[in-house]
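Presented below is the structure to which this report refers.
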Amino acid sequence: MMHGYAQRSSNEWPGTGLSVPAWLSDYSNGLMVASGGNLVRWMHVTPWKQDVESCDRVGLIQAMPAGDSEKDVEGPRWTQRTELMRDAVIYNRNNPSILFYECGNESISREHMLEMKAIRDEYDPYGGRAIGSREMLDIDEAEYGGEMLYINKSKKHPMWAMEYCRDEGLRKYWDEWSYPCHKEGDGPLYRGNPAKEYNHNMDQFAVEMVRRWYDYWRERPGTATRVSSGGVKIVFSDTNTHHRGESNYRTSGVTDAMRIPKDAFFVHQVMWNGWVEPETPQTYIIGHWNYPAGTVKPVYAVSTADSLELLLNGRSLGWGKQEYRYLFTFEDVPFEAGTLEAVASDGSRFSLTTAGAPARLRLTATQNPEGTKADGADMVLFQVEVLDGEGRRCPLDNRMIHFELSGEARWIGGIAARNNPSLQRPDDNRPEGLLDAAATKNVSDNYVGATSLPVECGVNRVLVRTTTRAGEIRLKARAEGLPEAEITVRSEGVNPEEYLPQLSLQGSLSRGETPSSPSFREQARGIQIVSATAGCDAGHAARSFDDNELSEWKNDGRLSTAWIRYKLERKAFIDDICLKLTGWRLRSYPLEIYAGKRLIWSGETERSLGYIHLTPHRRVKADEITVRLKGAGKDEDAFGGIVEVAEPAAGELDLFKAKNGGETKNELRIVEIEFLETLTQNRIQINH
C-alpha cells in the first residue's frame with residue numbers, strides 16, 4: 001500500500017530554492033518517512049541527484065519521472081522524452097530507492113508504453129523497477145498506473161493515485177476560536193467562485209486528510225480481489241507553485257515551507273504507521289488547548305483504536321463518534337484550563353496541556369550531522385519558539401521576532417504569511433505585522449529575506465549559510481516583552497575541493513526491514529462473475545466487470561431497460577457490493593438490488609472520488625444478482641471546489657470517462673461492479 005507525497009522535483013526552500021546542502025535534503029526527505037510516508041513521486045521531471053541519493057539514505061521509495069507537459073506527444077517531442085528517460089535510467093539505475101519509472105504525467109499509448117519498456121529492459125534489465133505512467137487504466141503492458149485524484153482498482157497490477165487531496169491551508173490558522181479567528185474556508189474567490197477547499201483552518205485541513213485517505217484505505221489489499229495500492233498526497237511541504245488560496249504560493253503541504261509540521265503531518269503518522277494496516281497503536285489530538293474562557297468547540301482526534309475516550313483534568317467527557325475509520329469527533333467541548341487527554345482502547349493516549357503566559361524565547365539549531373562546514377555552501381536551520389514559564393510552547397503567540405546575525409555566516413531567512421492589518425493582536429491590541437521602515441526595506445510579501453518576521457502559532461524558522469572561514473555563528477532573537485535569546489554554533493574548516501558530503505552522510509534504518517510476510521490480513525474476496533444479461537446492449541454487459549476503468553456498460557436511457565443481471569461462479573453470501581458508477585463524483589443513482597427475486601438493497605448511491613460500497617439490508621446466499629435503476633439520476637458535484645489543473649480545458653472536469661457521460665437520463669452506467677464475500681461470519685463494517 002503506497003502512501004506518501006507527490007513532491008515538486010524542486011523540493012525547494014524559501015530564499016534559497018534548490019541550493020541546499022545534502023544533509024538538509026536528508027532532513028526534509030526524512031520527515032516524509034517520519035510522517036509515515038513510504039513513497040515520494042517526484043512531479044513531472046527527473047529530480048536532481050542529491051535528492052535521489054538522499055532518498056536512498058532515509059529509506060524513501062521513489063517514483064522517477066522522465067519529463068513531460070501532461071499529455072502524450074508525437075514526433076520530436078516524444079523522441080526527446082524517450083532520450084530523457086534513457087539518460088535518467090542510466091544516471092540513476094544504481095540508486096536502490098527508485099522502484100518506479102514514470103513515462104508521463106498523463107496516459108500514453110500502448111505503442112509508447114512498449115517503447116519505454118524496451119528502454120528499461122535495455123538499460124536496467126536487472127533493477128527490478130516497474131515502469132508505467134499516469135492513468136494507464138486500460139493498458140495491460142503498463143506495470144503500474146493511477147489517476148490524479150481518484151480511486152482506481154485492479155487485479156492485474158498496482159494502481160495508486162498520483163496527486164490526491166489538493167486542499168490548501170496556512171499553518172498560522174488553528175481554527176475559528178483561536179487568533180486570528182479565521183473562519184473555515186474564508187478567503188478570496190478563485191476564478192470568480194468560492195475557494196473554501198483552498199483556505200482551510202488547520203483542524204479542518206487535518207480532518208480532510210483523514211477523509212481523503214479513507215477512500216484508499218477502504219480499497220486496500222486484503223479487502224477484495226481487485227484493490228487499490230494507495231496513493232500520494234500532492235506536495236509534502238508548502239511550495240512556490242500554482243496556488244488557489246489566499247497566499248501567493250501553494251499551501252497544500254503537511255508542513256510549511258520551512259518544514260514545520262502542521263497537524264496533518266501527525267494525522268498521517270497515525271494512519272500510515274504500517275505498510276498496509278497500522279502496526280503500532282497511536283493517537284493524536286488535533287489542535288491546541290488554549291482558548292478564552294467560555295469557549296465551547298468540537299475536538300477532533302485520530303487514533304488507530306476502535307474507540308476513544310476524552311478526559312478533561314481527569315474527568316471523562318465521553319466517547320468520540322468514529323468516522324472514516326481513524327477520525328473521532330467530540331462535539332461541544334467546553335474549554336477549561338488544564339490537561340485534555342485522549343485515551344484509546346488499544347492502549348495509546350495523547351494529551352494537550354494549556355500553556356501559560358509567554359515568558360521567554362528559545363533558539364535551537366539543526367545542523368549538519370557531520371558538523372557545520374565552512375565551505376560557503378553549508379547551512380544552519382535555526383528555530384525560534386515562544387515559551388511559557390514551564391517551557392511549553394505558546395500556541396497563540398504571533399509576535400514579531402527581530403534577529404541579529406554575526407560571525408561566519410550569511411543571512412537567508414525564512415517565511416511567514418503577511419498579517420491582515422485589520423486583525424488585532426490580543427496581547428496589546430496593536431495591528432500585527434507592522435515594522436519600522438528599516439525592517440520593511442526590500443522585504444517580500446512573505447518576509448523572505450527579512451531579518452524581522454513573526455512567529456506563527458509560537459514557532460518559526462530561519463536559515464543561514466556559512467562562509468568559507470571557520471568560526472562562530474551567533475544568532476540573537478528579541479521580541480517585545482520577552483528576554484533576548486542567543487545561540488552560538490561553530491563552523492569547522494574544510495577543503496572544498498575534497499569535501500563531498502553526499503559520500504560520507506550516514507543512512508537511516510529507522511523504518512526497519514521490509515516485511516518478509518504479508519502486511520495485511522485477507523478479509524474479503526470477490527466472487528467471480530461468469531456472465532451477465534441486461535435490458536439493453538447485453539453484448540457489452542461484460543464491460544461492467546472487465547477490470548478496465550475506461551470501459552462501461554450502459555442502457556439506452558429508458559427506464560424499462562435500466563437493469564443488468566449477473567451470474568456468479570457459485571452461491572455465496574454477498575456482504576458488500578462495490579461499484580464504480582459513471583459520473584461517480586457528480587451523480588447519485590436511485591437503485592434496487594435483488595439476490596434472485598429478493599430485494600437486498602434500495603436507495604440512492606453516494607457521490608465519491610471512485611468506488612462506493614453498498615451493504616445489503618439482508619444477508620442472502622445467491623448466485624444471481626440484479627441491479628435495477630428506479631429513476632433518473634441526480635447530478636450535483638460533491639467535490640466542486642477541487643480543481644485538477646491550473647487551466648482546465650472545457651469538459652476536463654466532468655469526470656465521465658465515457659462519451660456523453662454528463663447526460664442525465666434514465667441511465668444506468670456501470671464502470672465496474674464487484675460482489676464481495678467476507679472470509680469470516682462478520683459483515684464488513686463501513687464507517688462513513
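Having 1 or more residues that are within 30 Å of Arg399 (Cβ to Cβ) is the bar; report the strands (runs of 3 or more DSSP E) wholly within the range 467-530 that clear it.
471-479, 482-491
All but one of (1) part of a loop (DSSP other than H, G, I, E, B); (2) touching a Leu at 6+ places or on another chain (Cβ under 9 Å); (3) not β-branched (Val, Ile, Thr) hold for Pro278; which doesn't?
All conditions are met except number (2).
Mind checking which residues of the range 464-513 are touching a residue at least 60 places away in the same chain (Cβ under 8 Å) and under 30 Å from Arg220 (Cβ atoms)?
Matches in the range 464-513: Gly507, Ser508, Leu509, Ser510, Arg511.
What tally of residues in the range 531-541 results from selecting those that are loosely packed, with under 14 Cβ neighbours inside 10 Å and outside any helix (DSSP H, G or I)? Full working, then the answer.
First, pick out the residues of the range 531-541 that are loosely packed, with under 14 Cβ neighbours inside 10 Å: 531, 533, 539.
Of the ones still in play, those that are also outside any helix (DSSP H, G or I) are 531, 533.
Final tally of qualifying residues: 2.
In the range 607-629, what residues are modelled with pLDDT under 95 and of a type outside the set (Gly, Ala, Ser)?
Hits for the range 607-629 are Arg607, Leu609, His617, Arg618, Arg619, Val620, Lys621.
Name the residues in the range 318-340 that are closer than 18 Å to Phe266 by Cβ, out of contact with any Leu (no Cβ under 8 Å at 6 or more places or on another chain) and of a type in the set (A, V, I, L, M), would you?
Leu327 - this is the single residue of the range 318-340 that is closer than 18 Å to Phe266 by Cβ, out of contact with any Leu (no Cβ under 8 Å at 6 or more places or on another chain) and of a type in the set (A, V, I, L, M).
Can you name the residue in the range 513-543 that is more than 22 Å from Val227 (Cβ to Cβ) and of a type outside the set (A, V, I, L, M, F, W, C) and, of all such residues, is nearest to the chain's Cα centre (by Cα)?
Glu513
Can you pull out every residue in the range 67-103 that is more than 16 Å from Val40 (Cβ to Cβ), hydrophobic (A, V, I, L, M, F, W, C) and touching a strand residue (DSSP E or B) at 6+ places or on another chain (Cβ under 8 Å)?
Leu84, Met85, Val89, Cys103 - these are the residues of the range 67-103 that are more than 16 Å from Val40 (Cβ to Cβ), hydrophobic (A, V, I, L, M, F, W, C) and touching a strand residue (DSSP E or B) at 6+ places or on another chain (Cβ under 8 Å).
Tell me the residue from Asp427, Asp375 that is at pLDDT below 95, farther than 28 Å from Ala301 by Cα, surrounded by 15 or more Cβ atoms within 10 Å (Cβ to Cβ) and touching a Phe, Trp or Tyr at 6+ places or on another chain (Cβ under 8 Å), please.
Asp375
Within the range 122-141, take every residue that is among the acidic types (Asp, Glu) and free of Cβ contacts under 8 Å to residues at least 40 places away in the same chain and give me the one that is surrounded by the most Cβ atoms within 10 Å (Cβ to Cβ).
Among them, the one singled out is Glu135.
Return the total of residues in the range 230-243 being surrounded by fewer than 24 Cβ atoms within 10 Å (Cβ to Cβ) and assigned to a loop (DSSP other than H, G, I, E, B). Break it down into steps so the answer makes sense when it comes.
Just the residues of the range 230-243 that are surrounded by fewer than 24 Cβ atoms within 10 Å (Cβ to Cβ), to begin with: 239-243.
Keeping just the survivors that are assigned to a loop (DSSP other than H, G, I, E, B) gives 240-243.
Counting residues in the range 230-243 that are surrounded by fewer than 24 Cβ atoms within 10 Å (Cβ to Cβ) and assigned to a loop (DSSP other than H, G, I, E, B) gives 4.
Which residues, taken from the range 48-96, are part of a strand (DSSP E or B) and modelled with pLDDT of 95 or more?
Ile61, Gln62, Ala63, Met64, Pro65
So that you can scan it fast, the table gives a plain yes or no per residue for (1) of a type in the set (Val, Ile, Thr); (2) touching a residue at least 40 places away in the same chain (Cβ under 8 Å); (3) touching a Gly at 6+ places or on another chain (Cβ under 6 Å):
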residue: Thr582; (1), (2), (3): yes, yes, yes
residue: Arg585; (1), (2), (3): no, yes, no
residue: Ala595; (1), (2), (3): no, no, no
residue: Gly631; (1), (2), (3): no, yes, no
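Within the range 323-370, which residues are under 28 Å from Asp397 (Cα atoms) and of a type in the set (Val, Ile, Thr)?
Scanning the range 323-370 gives Thr329, Val333, Thr339, Thr353, Thr354, Thr364, Thr366.
The values are calculated or read from the model by the stated rules, or taken from the named source; none is laboratory data. Everything quoted here is computed from the prediction, not taken from an experiment. Note that each Cβ is placed from the backbone with ideal geometry, even for glycine, and that neighbours are counted across all protein chains shown.
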